[in-house]
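Structure record follows, encoded as structure tokens.
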Amino acid sequence: MTQALRCLIVDDHPMIRRGLKALLLEEENNCKVAEAASAEAALEAIRREDWDLMILDVSLPDKHGLEVLKEARLLRQNLPILIWSQYPEREFALRMIKAGAAGYLSKDCAPSELLQAIRQVTSGHRYITPTMAENIVDFVTDGQPVSPHDRLSDRELEVLRLLGQGKTVSMIADDMALSVKTISTYRARTLEKLNLHTTADLMRYAIEYRLTT
């Protein structure tokens, strides 16, 4: 008898989790599915049990998906993690793949494509969409990032995202458990790399590129 596929779905929207779980139970024979609505719950589930697959949303209430991805990879190095997000691939896909994701799909993909991606990553391969492959080729050929914020480090991107939410430097320092001076340095580097001048510019940029949630 084939061993049950053990899949952990991490998304803060109950209806999305329910729909994805129903799809998996209907299409994948002998499948065990668990749900987590937050980063904390997801990481606890990974500590508690081995999984064959984690389907991870980028936007979670307590932590950004990129940080969850990194922590999950430290806990379970061989766990395939498929990013399933509302954000277009150009915003986060390359960064997620570089951080260890097995694949990246936007939530407007067809169910058949999602199932194909699941089967591919659970077989030990990465799932790369044609759009993502094109972006990778462009980056390798031209040496230019897909989006201006691809020049940012992960910490700088997180500061940009939180500034876009309207948080102050002090609030961000508390959120990230860093000093105000360190956050100010990240903010200054982000302004320089994006060729912007003020915090208001950064806020507008984050909103324009849908980085705030």
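Each reported figure results from applying straightforward, stated rules to the coordinates on display, with no laboratory input. Because the structure is predicted, anything quoted here is derived from the model rather than measured. Ideal geometry is used to build each Cβ from the backbone, glycine not excepted, and the neighbour counts take in all protein chains shown.
In the range 10-35, what residues are in a helix (DSSP H, G or I) and among the small types (G, A, S)? If you could, list the steps in order and put the result at the bottom.
As a first pass, look at the range 10-35 and keep what is in a helix (DSSP H, G or I): 14-27.
Selection gives G19, A22.
Of all residues being in contact (Cβ under 8 Å) with a residue 60 or more places away in the chain and in contact with a helix residue (DSSP H, G or I) (Cβ under 8 Å, 6 or more places away or on another chain) in the range 31-69, which is surrounded by the most Cβ atoms within 10 Å (Cβ to Cβ)? Just the residue, please. It would help to see each step written out before you state the result.
Just the residues of the range 31-69 that are in contact (Cβ under 8 Å) with a residue 60 or more places away in the chain, to begin with: 52-53, 55, 59, 64, 66-67.
Restricting the remaining residues to those that are in contact with a helix residue (DSSP H, G or I) (Cβ under 8 Å, 6 or more places away or on another chain) gives 53, 55, 59, 64, 66-67.
Numbers: L53: 23, I55: 25, S59: 16, H64: 20, L66: 20, E67: 17.
So the residue we want is I55.
Would you check which residues across the range 70-85 are of a type in the set (S, T, N, Q) and surrounded by 16 or more Cβ atoms within 10 Å (Cβ to Cβ) and list them? Matches in the range 70-85: S85 only. Of all the listed residues (W84, W51), the sole one being of a type in the set (F, W, Y) and within 10 Å of the chain's Cα centre (by Cα) is W84.
Sort out which residues of the range 78-122 are polar (S, T, N, Q) and within 23 Å of S147 (Cα to Cα), and write them in order of number. If you could, list the steps in order and put the result at the bottom.
Going through the range 78-122, the residues polar (S, T, N, Q) turn out to be 78, 85-86, 106, 112, 116, 120, 122.
If the condition is that a residue be polar (S, T, N, Q) and within 23 Å of S147 (Cα to Cα), then S85, Q86, S106 are the ones that fit.
For every residue, the table says whether it meets (1) under 15 Å from L66 (Cα atoms); (2) assigned to a helix (DSSP H, G or I); (3) out of contact with any strand residue (DSSP E or B) (no Cβ under 9 Å at 6 or more places or on another chain).
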site	(1), (2), (3)
E156	yes, yes, yes
G166	no, no, yes
D174	no, yes, yes
K181	no, yes, yes
Y186	no, yes, yes
M203	no, yes, yes
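Filtering the range 36-50 to residues that are assigned to a helix (DSSP H, G or I) and among the charged types (D, E, K, R) leaves E40, E44, R47, R48. Each residue in the range 100-128 was checked for being assigned to a strand (DSSP E or B) and out of contact with any Leu (no Cβ under 9 Å at 6 or more places or on another chain), and 1 of them qualify.
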